[in-house]
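In what follows, a single structure is set out as structure tokens and then discussed.
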Amino acid sequence: MNQRKALITGITGQDGAYLTKLLLDKGYQVTGLLARRSSDTLWRLRWIGVLDKIDLIDGDLADVTSLMRALEKSQPNEVYNLGAQSFVGSSWDQPLLTAQVTALGALHLLEAARIVDRSIRIYQASTSEMFGLIQEDRQSEATPFHPRSPYGVSKLFAHWSTINYRESFGMHASSGILFNHESPLRGIEFVTRKVTDGVARIKQGKATELRLGNIDSTRDWGFAGDYVDAMWRMLQQDEPDDYVVATGRTTTIRDMCKIAFEYVGLEADKHIVIDPKFFRPAEVEVLLGNPAKAKAKLGWEAETSLEDLIHMMMDADMERVGREA
Ligand code: NAP
Ligand code: G4F
């Protein structure tokens, strides 16, 4: 049988690293789209041990011609569109950039695939941020959307574009509505990693406080290593579809912090400082996913508890902070 080929946009991000590892372990030939940056963005691929096993092609989601060239060159069976301006907080400061990359970038990719090879299977990285001001206590594929940020609005455009290309052109384009997922490879700007890095610094005497915004919001957090498996499963189905991927448990930021502080014998209340700078113009107060469809149709379930996830991230950050001069 021919070796299966995958192209990943956003390969240098958290999910890109875990997905690359998963696909290589399954015997895929993996190519990544590499956006031009002035500094090194390959650290995650190095950390997870895959950098010398993949091909990288220069390209950018904002440049449809680069996407067409990447598809022509890599000739993938499957494309995973993970590339995005993915930080909600920045999306109010850079709404147009967010729309160009996160919304139009997805449409560029769909259009490039329609022109180059309609049989390519496409995964679109949709998000629970699209639920925003939640319309149901537990959000499923049938829950109406109400995005609360330029990022959420952009992702909703990409989500509906994916459905539209499936319905208009019969393309195998699926959308994973993933709830928050974290790991030791999470960007430092996101709250879990900011917390595990901050707690490690306090424990090692390199900081005394951790400045946060709204710690009363709740999130349904899972482990990125579990979630990339759901992405792959979606593209193995006979028919394309949309799936919520979540744990079904929601926790406040405050309680997530406690898990991290208690792991190293510290009290969260003594170190957390609330800083209005980190509050958002419009908050998503609660997210709680219903992953029943993913379980029934994909045979997928989250395997890692929030406690195990935060402990894993704490171990990695204690080690990283300890190595710093
Ligand atoms: P991430 O770590 O922020 O990675 C984003 C990736 O997108 C990076 O590789 C980044 O490249 C790339 N990128 C940014 N601008 C680009 C452009 N103009 N052209 C091409 N690539 C570009 O995000 P993640 O956590 O891995 O998430 C993966 C995807 O899932 C994202 O689309 C995100 O919005 C979505 N999502 C994430 C979660 C979550 O909880 N993690 C939940 C739901 C959905 P550089 O490294 O060069 O910046
Ligand atoms: O960690 P966050 O920045 O993640 P957020 O906004 O939920 O977005 C992440 O998950 C989405 C899926 O739902 C993805 F689509 C998206 O790409 C990204 O991966 O913030 C989580 C919560 C928010 O309520 C925020 O207001 O934590 C609150 N928070 C409180 N203090 C903070 C902070 N968030 C950050 N980043 N930094 C703080 O100091």
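It is to be established whether one or more residues within the range 78-101 are free of Cβ contacts under 8 Å to residues at least 40 places away in the same chain, surrounded by fewer than 16 Cβ atoms within 10 Å (Cβ to Cβ) and charged (D, E, K, R).
Yes, some residue in the range 78-101 is free of Cβ contacts under 8 Å to residues at least 40 places away in the same chain, surrounded by fewer than 16 Cβ atoms within 10 Å (Cβ to Cβ) and charged (D, E, K, R).
Scan the range 20-34 and tell me whether some residue there is among the charged types (D, E, K, R) and near ligand 1 (Cβ under 9 Å from one of its atoms).
Scanning the range 20-34 turns up no residue that is among the charged types (D, E, K, R) and near ligand 1 (Cβ under 9 Å from one of its atoms).
Being of a type in the set (Ser, Thr, Tyr), part of a loop (DSSP other than H, G, I, E, B) and either modelled with pLDDT of 95 or more or not assigned by TED's automatic domain parsing to the domain that holds Leu24 (or both) narrows it down to one of Ser119, Ser126, so name that one.
Matching residue, one of Ser119, Ser126: Ser119.
Is it the case that Ala207 is aliphatic (A, V, I, L, M), without any contact (Cβ under 8 Å) to a residue 60 or more places away in the chain and not assigned by TED's automatic domain parsing to the domain that holds Ser90?
yes
Among the residues of the range 64-77 satisfying the criterion of being surrounded by 16 or more Cβ atoms within 10 Å (Cβ to Cβ) and of a type outside the set (A, V, I, L, M), which is nearest to Ala173 (Cα to Cα)?
The residue in question is Asn77.
For the range 140-166: of the residues being among the charged types (D, E, K, R) and farther than 22 Å from Leu96 by Cβ, which is nearest to ligand 1 (Cβ to nearest atom)?
Glu141
Every residue in the range 118-157 that is in contact with a strand residue (DSSP E or B) (Cβ under 9 Å, 6 or more places away or on another chain), among the charged types (D, E, K, R) and surrounded by fewer than 20 Cβ atoms within 10 Å (Cβ to Cβ), please.
Across the range 118-157, the qualifying residues are Asp137, Arg138, Glu141.
Just for the range 259-318: of the residues that are polar (S, T, N, Q) and closer than 25 Å to Arg44 by Cα, which one is surrounded by the most Cβ atoms within 10 Å (Cβ to Cβ)?
Thr304
Just a yes or no: is a residue in the range 4-19 within 16 Å of ligand 2 (Cβ to nearest atom), farther than 19 Å from Glu182 by Cβ and under 20 Å from the mean Cα position of the chain (by Cα)?
Yes, the conditions are met somewhere in the range 4-19.
The values are calculated or read from the model by the stated rules, or taken from the named source; none is laboratory data. Owing to the predicted nature of the structure, the values given are computational and were not obtained by experimental measurement. FYI the Cβ positions are ideal-geometry reconstructions off the backbone, even for glycines, and counts take in every protein chain you see.
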